Each structure stands twice: as structure tokens, then as C-alpha cells.
Amino acid sequence: MSSGQGPGKQKAKTQAVVHESNQTIRGSKTDNTSGASQALVPHQPSQAQQQNTMLVPKGYTVKPIVPAEKAELISVAKAMHREQFGARVKELFDPEREAALEALQTGIYIGWRCPEYKWDCIRVGVKSKCFCGHLLAEHERFTGTSVRVPCVVAGCQCRAYAFIPSRPEDVGEFWLRKRRNFDPSTWRAKCRCKHNHEEHNVGGSHSCKAGGCSCPGFDSNFLCAACDKHWEQHQTFFETEAHRKEAGLPY
């Protein structure tokens, strides 16, 4: 060959390099003053990898993805929430159930809907919140004559109960429950001016009270989960059983 080295010499050189490398590795074991081994060892997978499990960052939890049995609402919801499905469904519909039972017991039906509808978007119960920020239970009782049910909390200027959604689910914001450390009790329905209903006047056009805000009236930045219409397009109705029968409404 033109290089002057035959195959035998190349092989010998290669073997010498390998031999020299091995000597270096073996020598590093004894040259370490701390006595710890410095030998190169193959990468050993962690115990979690060996067990075919996932490595999860601190503070996070991982749940396996279980596909829904059918492409139907209930089946998909069960797959999403699994063991918490029953509890979440109960929490979601308990206010409606309680309001319906109250109506059957008292004969007074209170609903929140658009005037042109023959069904209630939300049934209103004693725990339902008014625009003024107080519960229906903190207002005078409906007598069947006047629909103006004023608030009885001292200092409140509310002269007529007006239902306002108090849960993110009421306006279709179900995803908020997925946020870490989300507290549903702090959620408030907001105006387009970014201030919530408690920061607006309870009377008149519900102008904003927040300093520096020129909002002339509450203009909801959300839609009703039942009909996709704004809060101001709805009304709160106080009705007797006889009135609902006459109007063709469910009772």
C-alpha cells in the first residue's frame, strides 16, 4: 500500500490502542485518592423504567387514559371523571333538584329564563344568588302578588331579586374546575368591563362602581349554558302553580 503500512500493522496498532485504553481505565481505579471506583459502567435504567412505569415530576399526578365505551355523552363523561363521576353529577344537579322540591312543597315556582321561552334555563332555590350578592333566602318571601322581592340584608339597596349565575358550570365554564387550587366559592359572574356583578350598582342600569371605570351598565361577558344567551336577556320569574298551568309551563 502507498501508506507503507500493511494490514497486519494496522491490526496491531488497533489492538494496541484498545489495550492502552483498557490499561487507562484499569489504572483509574487505583489512582483515585478517594478510593472510589472511576470505572466506566454501562447505563443502568432506573427502577421506575425497569418496572415500565412513568416518571412523574414532583407535585403532579398521572392517571391512565381509559377510552369511553361508546361515543355518547354519559359514556364519555364517565371515562373523563371515572370514580368521581357520580359525585360530580350530584354536585352539578343538586341545586336544580333542591329548587324543584322547594317548588313542589311551597307551590311557588321561581325560574330564570328568557321571556319568550316556555321552559326555565335554571330553577332558582333558596341558595341561589341575587345580583346584589345575597342569597334568595336573604330576601323577602314571595307572596304570590308582587314579583318585586327585596333584600332584607341591612344596608343592601336591592329592591327586587334578580338571579345571577354563581357557578362556572352555569355559564359553560366547566374547565375551570380542572385548574389547580381553583376555589369555586370565589367565582363571580363578570361584566365586559372585567368587574364582577358585586362591583356594580344593584339598581337602575347596574352601572359599575369600580374606581376609574366608565361602564354604564352590566353587560355580561358570559352566556347561559342552557340557551347561549346573555344574562341581560333573561328575567327571574316568580310564579304559582296555577299561573304556570295557565301559561303552559312545566310544573
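Quick check on my filter: what residues within region 101-123 are assigned to a strand (DSSP E or B) and either among the hydrophobic types (A, V, I, L, M, F, W, C) or in contact (Cβ under 8 Å) with a residue 40 or more places away in the chain (or both)? Write out each step before concluding.
Of all residues in region 101-123, those assigned to a strand (DSSP E or B) come to 108-113, 122-123.
Once the filter is applied, which keeps residues that are assigned to a strand (DSSP E or B) and either among the hydrophobic types (A, V, I, L, M, F, W, C) or in contact (Cβ under 8 Å) with a residue 40 or more places away in the chain (or both), region 101-123 yields Ile108, Tyr109, Ile110, Gly111, Trp112, Arg113, Ile122.
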The lone exception for Cys191 - which of (1) in contact with a Gly (Cβ under 9 Å, 6 or more places away or on another chain); (2) surrounded by fewer than 19 Cβ atoms within 10 Å (Cβ to Cβ); (3) farther than 26 Å from Tyr109 by Cα; (4) not polar (S, T, N, Q) it fails: (2)
Per-region count, region 203-233, residues aromatic (Phe, Trp, Tyr) and out of contact with any helix residue (DSSP H, G or I) (no Cβ under 8 Å at 6 or more places or on another chain): 1
Residue pairs meeting the criteria (Cβ under 6 Å; at least 6 apart or on separate chains; first closer than 16 Å to Phe222 by Cα and at pLDDT 95 or above, in region 177-196; second of a type outside the set (D, E, K, R) and in a loop (DSSP other than H, G, I, E, B)): Ala189/Ile164; Ala189/Pro165; Lys190/Asn221; Cys191/Phe218; Arg192/Asn221; Cys193/Cys213; Cys193/Cys215; His195/Ala210
Matching residues in region 216-251 - criterion: being over 28 Å from the mean Cα position of the chain (by Cα), of a type in the set (A, V, I, L, M, F, W, C) and surrounded by 15 or more Cβ atoms within 10 Å (Cβ to Cβ): Phe237, Phe238, Leu249
Top-ranked residue of region 104-131 - restricted to ones that are in contact with a strand residue (DSSP E or B) (Cβ under 8 Å, 6 or more places away or on another chain) and more than 26 Å from Arg188 (Cα to Cα), ranked as surrounded by the fewest Cβ atoms within 10 Å (Cβ to Cβ): Gly107
Neighbours by Cβ (under 7 Å, 6+ apart or cross-chain): first from region 236-251, over 13 Å from Glu102 (Cα atoms); second among the hydroxyl-bearing types (Ser, Thr, Tyr) and not in a strand (DSSP E or B): Thr236/Tyr161; Arg244/Tyr251; Lys245/Tyr251
Residue selected from region 134-176 under the condition under 25 Å from Gly107 (Cα atoms) and of a type in the set (S, T, N, Q), by the criterion modelled with the highest pLDDT: Ser166
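The values are calculated or read from the model by the stated rules, or taken from the named source; none is laboratory data. Treat the numbers as computed from the prediction; the structure is a model and nothing was measured. All Cβ positions, glycine included, derive from the backbone under ideal geometry; neighbour counts span all protein chains shown.
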